[in-house]
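The values are calculated or read from the model by the stated rules, or taken from the named source; none is laboratory data. Since we're looking at a predicted model, the values are computed, not measured. Cβ placement follows ideal geometry from the backbone for every residue including glycine, while neighbour counts extend to all protein chains displayed. The accessibility values were calculated without ligands, DNA or RNA, using every heavy atom of the protein model including side chains. Shrake-Rupley method; radii C 1.70, N 1.55, O 1.52, S 1.80 Å.
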Amino acid sequence: MATPIVVPTPLLALPEGWTAEKDIKTVGKLSGATQRTLEPVGPYFLAHARRARHKRTFSEDDRIQAQERAKKVENDEDSEISEPEDPMMLARDAKDWKQQDHYKVLGLSKYRWKATEEQIKRAHRKKVLKHHPDKKAAAGRTDDDNFFKCIQKATEVLLDPIKRRQFDSVDEEADVEPPTKKQLQKGNFYKLWGNVFKSEARFSKIHPVPMLGDDKSTREEVENFYNFWYSFDSWRSFEYLDEDVPDDNENRDQKRHTERKNANARKKKKAEDNARLRKLLDDCSAGDERIKRFRQEANAAKNKKRLEREAAEKKAAEDAKAAKEAAEKAAKEAEEKAKADREANKKAKEAAKNAVKKNKRVLRGSVKDANYFAEGDASPATIDAVLGDVELIQGKIEPEEIAALASKLNGLKVADEIKSVWKAEAERLIGAGKIKEGEIKAFTA
Amino acid sequence: MSGAKSVAPENRTVIGLTFGNSNSSIAYTVDDKAEVIANEDGDRQIPTILSYVDGDEYYGQQAKAFLIRNPNNTVAYFRDFLGKDFEHIDPTHNHASAHPKDVDGAVSFTIKDKAEEDAEPSTVSVSEVATRYLRRLVGSASDYLGKKVTSAVITVPTNFNDKQKAALLAAANAADLEVLQLISEPVAAALAYDARPEAQVEDKIVVVAELGGTRSDVAVIASRQGMYTVLATAHDYEFNGVALDKILMDHFAKEFLKRNPSAKDPRENARGLAKLKFEAEATKRALSIGANASFSVESLSDGIDFASTINRLRYETLSRTVFEGINRLVESVIKKAGLDVLDVDEVILSGGTAHTPRIASNFSNIFPQTTRILAPSTNPYAINPSELGARGAALQASLIQDYEADDIDQSTHAAVTTVAHTSNAIGVVSLNAAGEEIFVPVVPAETAVPAKRTVHVAAPKDGGDVLVKFVEGNTHIKVTKPEPKPKEDKTAKVEDAADSDEESDFSDDDEEEEEKREKVWKIGNTLAEAAIRNVKKGGKVEVTVQVNADLSVILTTREVGAQGGVRGQLNA
């Protein structure tokens, strides 16, 4: 709340005899309001929104806000500098600062390259307050400024962006070792390797750096990851590890010589580092199940067409074979049937022939039974004439008619009846024009 | 911002954008202070123009230059087409650039944006144009900041409808930009002023006159301790920067023809017209700064060069109709809000045309002396009017950049933004020097509830027992006519006051004695009475009024510095 406005004009004096319970009496009520839309803009609106959404009153909100702020201050105070100090580190000689871990000296070893400048400054201040030589002197230890120098050196390196980068380049504490085979057997491939690449990503000139991802990453993501890392653009440099630092006292040639030597050494280390990263990637990709899977999938897609074509060919061949077999079978069956038919025909013909023979015997027998239509013993001429007619009729009529005739004659014993049958037959034949009238001699008489 | 691109708060780099119909600008915040970014050409006002030459894309000032030589492949004034059907757009301003076309109801432009000589011109929808343009803006901002800009707050006019907003969001998302929030332009301007460290949190009525190239928008805003409620708005498409350009163009074209009677009218050929317009704009800008400006165009018409000068007085006389139109617009919107010019505490001039000194001085004539006119020519501490929107947007962006997209959505939801506003002021009764009862406002009208205000009121001189009388109050305008005026029109009434006021802007002051108009508080319903006993001599009484969301009121009062006090509650 802002400071209240001060109104110079005076309030009313209390009239005589004004009384009320608790010195206040309420008379009216507010005369309505309009609903309007606030513009959702500005810090005061955000405060309003916070109150409205959390259903807080003004004072509650103020208190909670104040609390949150207070907590934040505390966090700022002691979050990063709570690391215990290693007595070995405290005893370090400031002269070999090249070997010292600057982050650890400032108590920032869990932040390392992620530490912000702000954090470094605060950490430095905190350490200085603790290890200032004057404080040591007050405690009776004079000339004990060794660790203080370490702190100053660490701050000097870490607050200078160029020097800090050089130190970060060779800060092995921040590296994550690639997982061994044993670890990989037990642990999660993606998590183990992911941590390695997360730590390596700090050297990238290009951000954001694609990460390893997990089992569900798409093929594109995985390819993108490997492409990026195989052409990794690193800012890592190795000046920090220079063995000789040329100083101004040396002569020019000497200096150049040292510089050349250093440059060569750096180049060599850089090449080694690139090779190291390449090996990391080779190792990782060799164990990467996703790559295998993608390759299989790709192969499967490629082979799919070929397999389909082969299957189609095979099917066609089988179909042709089946058709051929079916045709052969049909032909064979037809042949057998024809053969059977032929035999059946032959049998029927023979049977018919036999029947005709039998019928003819019946015909001939009938005239013999009728005693050749002669009374008493028939003369050979009569017999001959009757038999001649029988032969004639038999020769003129079809086997069916012979059978019909035979069935009519069969069983007849009386000569007249037999004769009338024969006579009717002879007349039918004459009627049909198959036999001429004169040819039949015995039956017409 | 449903279904749109969202970025995790920790990965955000935010900017504020004004994406105007004529010009756009970009701002970001350093240490809670907004700064406007210059693009690679060094422009802080970046013309909202895209141009294609041989497949190369140009934007901003470079593209603007191509309006002369390559108008057909230059797209300008397209912002207002976003989210509109072809039927509902006003293509007037596109006369001298690529023309909008109707492609299946969507507004599109046909431009050659490919490098090949004989490539077919492509049809590009207005949202695609906006996306390309925004991409360039974001690119410039990213280059300037050295970080990829991921998110922005964009300002929009108050009359942008949901469809237009959705189209703008879609265009921004397509340009790979997360839109944290769309805020209205006048409120952004108000926020830019209120965020200055020297600004005080107070209750005031602000008029924001947003005078742009192709449109003028005026809004009346109730600013209640930093919470803004728009009470009324008005929009105008006649009285704008382009109209002023037109006046200068006509003026110089006539002068050119006077000097070269045989030459053709430069307004009748496209290139001559474009040259005139380009130079007229520059001259207009120069006239906002200096009292004289030159105008010179090479080969204006028929190969004849033309050079001339104009002074500010001449320009102001010529542009009178436009200025008067703007005055009327401002007055009408105040009336629409149910207020009077006397109620206005602050006038913010925003937009490119707001640089014009005459507009600001006209405003100081309309409004009473006590009203602050925030324009460069009237107030040395004024912020550049062209940058207000972008600054406000950048400030808002820095305020909400730590919020999850969801959180922003919920906080800007109608359930949170729609609240009751008091219709009358709540205050206490006090005595003026003449011993009359007067109203001292504690909670002004149009205050969003819940609200809590505290004032310190002096006790009677001798101290003793004090009566604190809580009342409602409202204002009316008291007009005192000048005493002896037999000749004057006697029918001038309160309602005509605004008109007579306006007339006086351009008439000589000594011709008629002005009416005296003042804002008077009227004491309304009594809400409660409370007594404070035995106040010290020369003491003060603290009065606190808290209006709750359900319109119940808690009244507390006590002597400043003393314990205890009196407390009462009014039910809704």
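Some observations on this one:
- In the assembled protein chains, A:W193 presents an accessible area of approximately 10 Å² (probe radius 1.4 Å).
- Here the range A:77-159 yields Rg over Rh of 0.95, to two decimals, using C-alpha coordinates and the Kirkwood radius.
- Reference-scaled alpha-carbon Rg (2.2 N^0.38 Å with N residues) for the range B:54-98: 1.23
- Relative contact order %, chain A, counting alpha carbon pairs below 8 Å whose residues are six or more apart: 8
- Estimated translational D of the range A:358-432 in µm²/s (Stokes, Kirkwood radius over Cα pairs; 4 °C; 1.567 mPa s): 106
- Looking at the range B:68-185, the DSSP beta bridges with both ends there are about 60 percent antiparallel.
- Gyration tensor analysis over the Cα atoms of the range B:355-446 returns equivalent ellipsoid semi-axes of 34, 29, 11 Å (largest first, whole Å).
- Normalised by 2.2 N^0.38 Å, where N is the number of residues, the C-alpha radius of gyration of chain A stands at 2.87.
- For B:E202, distant residues with modelled amide H under 5 Å away: B:Q225, B:G226
- Number of partner chain Cβ atoms within 10 Å, mean per residue of B:557-566: 1
- Gyration tensor (Cα) of the range A:174-287, equivalent ellipsoid semi-axes in angstrom: 37, 15, 11
- Taking amide H atoms as placed 1.01 Å from N in the peptide plane, the amide H of B:A425 lies under 5 Å from those of B:A445, B:G473, each 5 or more residues away in sequence or on another chain.
- For the chain pair B and A, the buried solvent-accessible surface (1.4 Å probe, both sides summed) amounts to about 5600 Å².
- The range A:130-230, accessible area per residue, ligands and nucleic acids excluded (1.4 Å, Å²): 61
- Residue-wise HN-Hα coupling along the range B:327-332, computed from phi with Karplus coefficients 6.51, -1.76, 1.60 (Hz; x: Gly, Pro): 4, 4, 4, 5, 5, 5
- Chain B: C-alpha gyration tensor shape, a/c 1.5 cut-off, then a/b vs b/c: oblate
- Amide H contacts of B:V149 (H built 1.01 Å from N, under 5 Å, at least 5 apart or other chain): B:S142
- Think of each Lys and Arg Cβ as +1 and each Asp and Glu Cβ as -1; about the Cα centre, that makes the dipole of the range A:77-159 roughly 100 debye.
- Legend: mean number of C-beta atoms from other chains within 10 angstrom of residue C-beta atoms, peptide B:451-459, equals 5.
- Note that the range B:151-232 shows a convex hull volume over its alpha carbon atoms of 111 Å³ per residue.
- Relative protection proxy for B:116-126, A:195-205, B:267-277, A:305-315, from highest mean packing down: B:267-277, A:195-205, B:116-126, A:305-315 (other beta-carbon atoms within 10 angstrom).
- Among A:A154, A:S169, A:Q254 the positive-end extreme of the charge dipole of the range A:135-293 (Cβ point charges): A:S169
- Placing unit charges on the Cβ atoms of the charged side chains and taking the dipole of the protein assembly as shown about its Cα centre, the candidate lying farthest along the positive direction among B:F81, B:V330, B:P266 is B:F81.
- Based on the convex hull around the alpha carbon atoms, the protein assembly as shown presents an average projected area of 101.6 nm².
- Divide the volume of the convex hull around the Cα atoms of the range B:241-318 by the residue count and you get 75 Å³ per residue.
- HN-Hα J in Hz across the range A:307-320 - Karplus 6.51, -1.76, 1.60, θ = phi - 60°, x for Gly and Pro: 4, 4, 5, 4, 4, 4, 4, 4, 5, 4, 4, 4, 4, 4
- Fluctuation leader among A:I24, A:I120, A:I393 - chain A, Gaussian network, Cα springs under 10 angstrom: A:I24
- Chain A, accessible surface, carbon-and-sulfur percent (1.4 angstrom probe): 51
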